[in-house]
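A.B. asks: Attaching a single structure in structure tokens format; questions to follow.
The values are calculated or read from the model by the stated rules, or taken from the named source; none is laboratory data. Everything numeric here is computed off the predicted structure, so don't read it as measured data. Using ideal geometry, Cβ is built from the backbone for each residue, glycine included, and neighbour counts are taken over all protein chains shown. In case anyone asks, the SASA skips ligands and DNA or RNA and just uses the protein heavy atoms, side chains included. Shrake-Rupley method; radii C 1.70, N 1.55, O 1.52, S 1.80 Å.
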Amino acid sequence: MKAVLLRDRIYFQYLNLNIKRYIECRCGKNQIQMSLTLNQEIEENCTIVIPSFHTKILDWWGDVIAKGEAELAAKFKKAINYDGNTLKTNDIYTPVDIYKYGKLVPAVYGPGDIRISRLEILYRSTANKNGIVETRW
């Protein structure tokens, strides 16, 4: 269960995917994740996703690699565990990527709504800017 409380400074942006294994053998392809929302969300306090990112992930990752090993290595120290079960993208999904592969859009859910997404969909939080308690299971 995830509960973001007043004054929590929770912010994340990632793929729930081991990108190394995904590239090598497509492990994680077509798998889903889900959550149940317990309260009403609003655009300023909800999960934000890039629709259809699963159709662009290989091209995007190719661009990330093509940016160069030195730049990539510097960002990896801060941004990701390349062989971990998640890929943090805060520092590697750039403004150019937003233009090319899509911007993050709010996915607002209400009490009892079930959010189902693929592991290859990039998503992030809204950092709980307005102090609203978010509860999801």
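A.B. asks: Could you figure out which of (1) at pLDDT 75 or above; (2) under 21 Å from Arg21 (Cα atoms) isn't true of Tyr82?
C.D. replies: (1)
A.B. asks: A further question on this structure: For region 16-46, how many residues are modelled with pLDDT under 85, closer than 15 Å to Ser125 by Cα and surrounded by 18 or more Cβ atoms within 10 Å (Cβ to Cβ)?
C.D. replies: Number of matching residues: 2.
A.B. asks: Conditions: (1) part of a loop (DSSP other than H, G, I, E, B); (2) at pLDDT 80 or above; (3) in contact with an Asp or Glu (Cβ under 7 Å, 6 or more places away or on another chain). Pro51 meets all but one. Number of the miss?
C.D. replies: Failing condition for Pro51: (3).
A quick yes/no check of all residues on (1) open to solvent by 20 Å² or more (accessible area, probe 1.4 Å); (2) assigned to a strand (DSSP E or B); (3) at pLDDT below 75:
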{"site": "Lys103", "(1), (2), (3)": "yes, no, no"}
{"site": "Tyr109", "(1), (2), (3)": "yes, no, no"}
{"site": "Ile116", "(1), (2), (3)": "yes, yes, no"}
{"site": "Glu120", "(1), (2), (3)": "no, no, no"}
{"site": "Ala127", "(1), (2), (3)": "yes, no, yes"}
{"site": "Ile132", "(1), (2), (3)": "yes, no, yes"}
{"site": "Thr135", "(1), (2), (3)": "yes, yes, yes"}
